[in-house]
1. Scan the stretch 96-143 residue by residue and report those that are β-branched (Val, Ile, Thr) and touching a residue at least 60 places away in the same chain (Cβ under 8 Å).
2. Can you tell me which residue in the stretch 122-147 is nearest to the ligand (Cβ to nearest atom), limited to those that are over 18 Å from the mean Cα position of the chain (by Cα) and either among the charged types (D, E, K, R) or outside any loop (DSSP other than H, G, I, E, B) (or both)?
3. List the pairs whose first member sits in the stretch 262-282 and is of a type in the set (Gly, Ala, Ser), whose second member is more than 14 Å from the ligand (Cβ to nearest atom), and whose Cβ atoms are under 7 Å apart, counting only residues at least 6 apart or on separate chains?
4. Quick one: would you say Ala298 is surrounded by fewer than 24 Cβ atoms within 10 Å (Cβ to Cβ), at pLDDT 95 or above and within 11 Å of the ligand (Cβ to nearest atom)?
5. For the stretch 70-93, give me each residue that is outside any strand (DSSP E or B), crowded, with 19+ Cβ neighbours inside 10 Å and either at negative phi or within 14 Å of the ligand (Cβ to nearest atom) (or both).
6. Would you mind telling me which numbered condition in (1) in a helix (DSSP H, G or I); (2) open to solvent by less than 30 Å² (accessible area, probe 1.4 Å); (3) away from the ligand (no atom under 16 Å from the Cβ); (4) of a type outside the set (D, E, K, R) Ile211 fails?
7. On the given criteria, is Leu241 within 17 Å of the chain's Cα centre (by Cα) and in contact (Cβ under 8 Å) with a residue 40 or more places away in the chain?
8. Please go through the stretch 12-38 and give me each residue that is among the β-branched types (Val, Ile, Thr) and either within 30 Å of Leu214 (Cα to Cα) or modelled with pLDDT of 85 or more (or both), ordered by number.
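The values are calculated or read from the model by the stated rules, or taken from the named source; none is laboratory data. This is a predicted model, so every value here is computed, not measured. In this analysis, Cβ positions are derived from the backbone assuming ideal geometry, glycine residues included, and neighbour counts consider all displayed protein chains. Note: areas computed on protein heavy atoms with side chains; ligands, DNA, RNA excluded. Shrake-Rupley method; radii C 1.70, N 1.55, O 1.52, S 1.80 Å.
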Amino acid sequence: MIDLFPLIRPVIHALDPETAHTLTIRFLAAGVSGRFGDTGDDPVLETEAFGLRFKNPVGLAAGFDKNAEAIKGALGIGFGFVEAGTVTPRPQPGNARPRLFRLSEDRAVINRFGFNNKGLDYFAARLEGLKGLSGPVGANVGANKDSEDRTADYVTGIERLYGLSDYFTVNISSPNTPGLRALQSRAALEDLIGRVLDARAAKMKGGMKRIPILVKIAPDLTATDIEDIAAVARATDIDGLIVSNTTITRPSALTSRYRDEMGGLSGAPLMDPSTRVLEAVYKATEGEVPLIGVGGIASGADAFAKIRAGASLVQLYSMLVYEGPGLVTRVKQELAALLKAHGFASVADAVGTGVKK
Ligand SMILES: Cc1cc2nc3c(=O)[nH]c(=O)nc-3n(C[C@H](O)[C@H](O)[C@H](O)COP(=O)(O)O)c2cc1C
């Protein structure tokens, strides 16, 4: 299969980044992905996490498909699972444009979208229309910017979407909703998780099945924050952690003229810092809480590094901007080759093997 993306990339990158993104969603929603011809997955990539089966461990990270419009298309380019959202209870416009920047020289992106989305009713209707998908779908829920009770917004999201997605992500790590990340502090997190798990328990009492609930955290956490989050995750019935969201730090090596734009940085410069946090979380949870590793993945070697640092699954987003949809197939093929070259019979066999005790 010839990858045409390098040929069309200059055209796409001549567009304003948000316009390019909107067009990409339209293409995927229209089913164009089928023509990228993903060749199917090596059985070594098959895996299981929090009770779900995955043909491969490479997922589409949240924020790409905020309104659950392109799930089929994303699975069609080879992702093993797709996380849609972040969705908030009520629709909201997000921050003023421009709010998405390509840092081409740094192979990075800065965004300050601020949870622009069409709200839960629209999102639920998109999920209701889906059938016969090739992989699990996650619903990433958040809080409205002007909400008086942010915790209640997460509960509302889970109640409204319960049964429509295969897992939930509670996103408390976006840097673009002021105050949101404070929910990562111990007392706030305990309260939030308690209320979210109560909502699930009520659904289960009503006869619905148990849907895994994960919490997505920032890369900009202190060692104490990590210990606290790990302790709460272990003490509660939470099913996993996603490490990590975008960073508000700006590594000194950045050279692009957009490097000082406000917002969250993602892509290549996030690979090492997010993997270090992932490893710290794996250690702090003693490998007992399933982790999804995300941040800067641009190759099978990057995905392998996250798995060896403790990730049971991985996700990516930003490097699609530079590599195009062929990146997904490439990451999977390289990862399968690396697993075999290192003598691993499965992804699960490799999880955490790079972490020193
Ligand atoms: C434009 C953009 C929008 C994003 N929106 C969300 C979002 O709505 N919810 C969320 O949990 N993460 C969001 N993210 C973060 C990604 O899911 C991911 O955690 C982060 O970008 C690191 O992965 P990457 O380097 O592969 O992009 C967004 C990222 C980008 C680049």
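1. The first filter runs over the stretch 96-143 and keeps only residues β-branched (Val, Ile, Thr), leaving 109-110, 137, 141.
Result: Val109, Ile110, Val137.
2. For the stretch 122-147, the residue satisfying everything is Lys145.
3. Cβ pairs passing all conditions: Ala280/Ile226.
4. Details: surrounded by fewer than 24 Cβ atoms within 10 Å (Cβ to Cβ): yes; at pLDDT 95 or above: yes; within 11 Å of the ligand (Cβ to nearest atom): yes.
For Ala298, the condition - surrounded by fewer than 24 Cβ atoms within 10 Å (Cβ to Cβ), at pLDDT 95 or above and within 11 Å of the ligand (Cβ to nearest atom) - is met.
5. Taking the stretch 70-93 as the starting set, the residues that turn out to be outside any strand (DSSP E or B) are 70-80, 88-91, 93.
Then drop every residue that is not crowded, with 19+ Cβ neighbours inside 10 Å, which leaves 70-80, 88-89.
Of everything in the stretch 70-93, those that are outside any strand (DSSP E or B), crowded, with 19+ Cβ neighbours inside 10 Å and either at negative phi or within 14 Å of the ligand (Cβ to nearest atom) (or both) turn out to be Ala70, Ile71, Lys72, Gly73, Ala74, Leu75, Gly76, Ile77, Phe79, Gly80, Thr88, Pro89.
6. So Ile211 meets the others, but not (1).
7. Here the answer is yes, as Leu241 does meet what is asked.
8. Our first condition is that a residue be among the β-branched types (Val, Ile, Thr); within the stretch 12-38, this holds for 12, 19, 22, 24-25, 32.
Scanning the stretch 12-38 gives Ile12, Thr19, Thr22, Thr24, Ile25.
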